[in-house]
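**Student:** Starting off with a structure, shown below.
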Amino acid sequence: MSSSPPPSSAAASPSCPKKMIALRSSDGETFEIEEAAALQSKTLENMIDEDCAGTPIPLPNVTGKILAKVVEFCSKHAEPGVDDESLRAWDAEFVNVEQATVFDYILAANFLEIPTLLNLTCNVVADMIRGKTPDEIRKFFNIKSIFSPEEEEEVRRENHWAFE
Amino acid sequence: MSSSDDEAKLPQDVAVEILKRLPARSLLRFRCVCRSWRSTIDDPRFAALHLSHSALHASNWHLLWLHWGGLRNLCSLFSNESLDMPSQSEIGMPFANPRNIHGPVGSCNGLICVKEISARRYGQTMYLWNLFARKHKVVPRSGLDSRFFLVGFPCGVLGIPREVLGFGFDARSNDYKIVKILYLLDNNHRCIGGMKPWVETYSSV
């Protein structure tokens, strides 16, 4: 996806001359990503080691819309010569999106095992939820609680000061 | 907040990734979100994960200052960044008597060990305090102090009993321990020769 030449450190073995990796989203879209960027994902790193044929790697858990952004994130973080401050500012912009989208990023980062993206997005969500009530948390994550009202009351009482 | 029409399922490992970034107060509140969150938050392995994550950030390091003047069950908490007195600076030690002086024994992984200071310089009551979870425990007394006190006199040796305390975490037994060393000083405040110090270790398990 990037027009700059691949970094020289991403040396290709003789049997795998391609430095671009193809990915296919759950809804059938195909994306190309530089190998160095793809290696940010432990999941992709394992898959790349196994397969040199160049067929697109299917990612059934990630939609095209999200995969496009994940590729953008990994490519940015693989770019050489970016200083920490600019990267942090770029990251802040990257997660300045709807809550639902941040959540999709988390799921993708978890599935693809991208520590930098997981760390960034989890920090954002943790900040969003830290002051919420348990009810708001359930709505936020669509969690069904099977506590009976008595059980829930007892759990609340155990740490009542935390609700003040 | 589900992104699709189906109910978004929050995978357990993702929940842990988010929960470990939350402060203790939020976590204790979220114990009643659902059973799975309660058992995660109560799990000692999660506590270890939470500790190792928060220890990475300097903003989570604090300095605790125990007051010896005025009301003596109070202490002040300073953040790592500055020693300026914060506006809500005083925290009550829930186990402490406002008339008694309390001194630190030590702190480890966010647990604080405090002892009551009295004229008798050994055998004072000790407490373990988890400040941010607002839980505390009295350390049970052993019989060592009274046995030690009797030793000095029947032998005809008049000695001044003293104790030294240390608090820390023992990774091998995965437990917190307090080590107490009791010894006798002679009238010149030197350790009485030939008398071995008495050593005792308190464990919570």
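The values are calculated or read from the model by the stated rules, or taken from the named source; none is laboratory data. Model, not experiment: these values are computed from the prediction. Neighbour counts run over all protein chains shown; Cβ positions are idealised from the backbone, glycine included.
**Student:** Within region A:74-123, track down each residue that is closer than 22 Å to A:Asn142 by Cβ, in contact (Cβ under 8 Å) with a residue 12 or more places away in the chain and among the acidic types (Asp, Glu).
**Tutor:** A:Asp104
Rundown of residues vs (1) farther than 14 Å from B:Leu10 by Cα; (2) more than 9 Å from the chain's Cα centre (by Cα); (3) of a type outside the set (D, E, K, R); (4) crowded, with 16+ Cβ neighbours inside 10 Å, yes/no style:
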position: A:Lys65; (1), (2), (3), (4): yes, yes, no, no
position: A:Val71; (1), (2), (3), (4): yes, yes, yes, yes
position: A:Ala78; (1), (2), (3), (4): yes, yes, yes, yes
position: A:Leu87; (1), (2), (3), (4): yes, yes, yes, no
position: A:Val95; (1), (2), (3), (4): yes, yes, yes, yes
position: A:Ala100; (1), (2), (3), (4): no, yes, yes, no
position: A:Tyr105; (1), (2), (3), (4): no, no, yes, yes
position: A:Ala109; (1), (2), (3), (4): no, no, yes, yes
position: A:Leu112; (1), (2), (3), (4): yes, no, yes, yes
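**Student:** Okay, next question. Output the residues belonging to region B:105-133 that are under 9 Å from the mean Cα position of the chain (by Cα) and either at pLDDT below 85 or over 23 Å from B:Arg29 (Cα atoms) (or both).
**Tutor:** Passing the criteria: B:Val105, B:Gly106, B:Ser107, B:Cys108, B:Cys113, B:Val114, B:Tyr127.
**Student:** Does B:Asn97 qualify as being under 19 Å from B:Arg134 (Cβ atoms), in contact with a helix residue (DSSP H, G or I) (Cβ under 7 Å, 6 or more places away or on another chain) and surrounded by fewer than 18 Cβ atoms within 10 Å (Cβ to Cβ)?
**Tutor:** Answer is no for this residue.
**Student:** Something else now. Pull up region A:1-47, narrow it to residues that are hydroxyl-bearing (Ser, Thr, Tyr) and over 16 Å from A:Pro58 (Cα atoms), then point me to the one that is modelled with the highest pLDDT.
**Tutor:** Out of the qualifying residues, it is A:Ser4.
Quick grid of which residues meet (1) within 14 Å of chain A (Cβ to nearest Cβ); (2) surrounded by 16 or more Cβ atoms within 10 Å (Cβ to Cβ); (3) not charged (D, E, K, R):
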position	(1), (2), (3)
B:Ile18	yes, yes, yes
B:Arg21	yes, yes, no
B:Leu27	yes, yes, yes
B:Val33	yes, yes, yes
B:Leu63	no, no, yes
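**Student:** Which one of these is over 9 Å from the mean Cα position of the chain (by Cα), more than 21 Å from A:Ala38 (Cβ to Cβ), exposed (fewer than 12 other Cβ atoms within 10 Å of the Cβ) and at the interface with chain B (Cβ under 9 Å from one of its Cβ atoms): A:Lys132, A:Lys144?
**Tutor:** None of the others qualify; the one that does is A:Lys144.
**Student:** I'm checking my understanding of the structure. Among residues of region B:14-58 that are of a type in the set (Lys, Arg) and assigned to a loop (DSSP other than H, G, I, E, B), which one is nearest to B:Ala133 (Cα to Cα)?
**Tutor:** In this case the residue turns out to be B:Arg31.
**Student:** Go through region A:147-156 and give me each residue that's at the interface with another protein chain (Cβ under 10 Å from one of its Cβ atoms) and either of a type in the set (Lys, Arg) or exposed (fewer than 13 other Cβ atoms within 10 Å of the Cβ) (or both).
**Tutor:** A:Glu153, A:Glu154, A:Arg156
**Student:** If you don't mind, there's one more thing I want to ask. Does B:Val205 satisfy being exposed (fewer than 10 other Cβ atoms within 10 Å of the Cβ) and at pLDDT below 75?
**Tutor:** yes
**Student:** OK, next. Can you find, within region B:1-16, the residue that is modelled with the lowest pLDDT among those that are more than 7 Å from chain A (Cβ to nearest Cβ) and more than 27 Å from B:His57 (Cα to Cα)?
**Tutor:** So the residue we want is B:Asp5.
**Student:** Further question: Residues being buried (at least 20 other Cβ atoms within 10 Å of the Cβ) and more than 12 Å from the chain's Cα centre (by Cα): count how many of those fall in region A:37-56.
**Tutor:** 3
**Student:** For region A:88-96, check the following and say yes or no: at least one residue is out of contact with any Gly (no Cβ under 9 Å at 6 or more places or on another chain) and within 11 Å of chain B (Cβ to nearest Cβ).
**Tutor:** no
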